[in-house]
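A.B. asks: Can you read through this structure? Questions will come right after.
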Amino acid sequence: MIHHDTDHIIARKDSLSVIDCSSCGFKHLSPIPDDSYYYSGGFYRDLKPSYEQEYAEDLQWWEMVYTDWMALLLDSPNNSLLDVGAGTGDFIKVARRHAWNTTGIDPDHSMSKKHGLIHGGYQNIGDSMRGLGVITAHWVIEHLPDPHHFIQWAYDLLAPNGLL
């Protein structure tokens with residue numbers, strides 16, 4: 001994505017910026033990461049080689065956070081949950097311990113294979129999953145080239161009164 005003169009840069013690190021985008025109205029990364037490298041091509045392996053080790057060291061804390069998050073889902077119309085950008089799959093593991101029917105999808109091939117997730121982007125989830133009680137997408141929307149499309153896609157898959 002090209003910066004426009006009206007885009008306000010909020011933060012910058014190396015070659016990435018977070019902008020307040022005048023085109024879509026969201027704050028997001030610029031340039032938006034290219035799926036072919038950043039995720040399917042080895043984002044975790046190349047850019048964050050110690051990610052899994054660091055995450056594993058904090059796993060007990062994360063499991064407490066995920067348990068707290070489950071309390072936010074009590075108003076869901078049903079116990080079906082799709083986690084988009086599931087990464088290590090630990091959030092859906094916690095949800096399963098709380099009797100949720102879960103599915104996780106992640107675009108990083110190595111992460112999805114290692115953690116038993118569907119490999120791909122949210123667009124790979126078909127209409128067969130309509131009627132979901134909850135769709136989670138922790139730290140995902142800021143990476144998407146079209147956040148409005150994602151929100152509409154999620155709305156279309158959710159059950160009435162479903163939660164995003």
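A.B. asks: Check cross-link reach from Lys48 to the aspartates and glutamates: straight Cα distance under 17 Å, and skip same-chain residues fewer than eight apart.
C.D. replies: Hits, sequence-local ones excluded: Asp14, Asp34, Asp35, Glu57, Asp58, Asp106, Asp108.
A.B. asks: Please give the per residue accessible area of the chain, computed with a probe of 1.4 Å over protein heavy atoms only, in Å².
C.D. replies: Accessible surface, normalised per residue, equals 58 Å².
A.B. asks: To continue, here is another question. May I ask you to work out the translational diffusion coefficient for the stretch 63-114 at 10 °C, viscosity 1.306 mPa s, via Stokes-Einstein with Rh from the Kirkwood sum over Cα pairs, reported in whole µm²/s? It would help to have the intermediate numbers written out before the result.
C.D. replies: Values: Rh = 11.4 Å.
Using the Kirkwood radius from Cα pairs, D works out to 139 µm²/s.
A.B. asks: I would also like to ask the following. Taking square-rooted eigenvalues a ≥ b ≥ c of the alpha carbon gyration tensor, is the stretch 96-156 rounded, prolate or oblate, where a/c under 1.5 means rounded and, failing that, a/b exceeding b/c means prolate?
C.D. replies: oblate
A.B. asks: How far is helix 147-157 tilted, in degrees, relative to the longest principal axis of the Cα atoms in the chain, given as a value from 0 to 90 rounded to the nearest 10?
C.D. replies: 20
A.B. asks: Now for a separate question. Per residue, how big is the convex hull of the chain when only Cα atoms are used? Give it in Å³.
C.D. replies: On the way: hull volume 20.7 nm³, N = 164.
Enclosed volume per residue, from the Cα hull, is 126 Å³.
A.B. asks: How high is the relative contact order of the stretch 44-107, in percent, with contacts defined as C-alpha pairs under 8 Å that are six or more residues apart?
C.D. replies: Contact order relative to length: 31 percent.
A.B. asks: Within the accessible area of the chain, what % is carbon and sulfur when the probe is 1.4 Å and the other protein chains stay in place?
C.D. replies: Summing carbon and sulfur atoms, their accessible area is 54 percent of the total for the chain.
The values are calculated or read from the model by the stated rules, or taken from the named source; none is laboratory data. Note that the structure is a prediction, hence the values are computed from the model and not measured. The accessibility values were calculated without ligands, DNA or RNA, using every heavy atom of the protein model including side chains. Shrake-Rupley method; radii C 1.70, N 1.55, O 1.52, S 1.80 Å.
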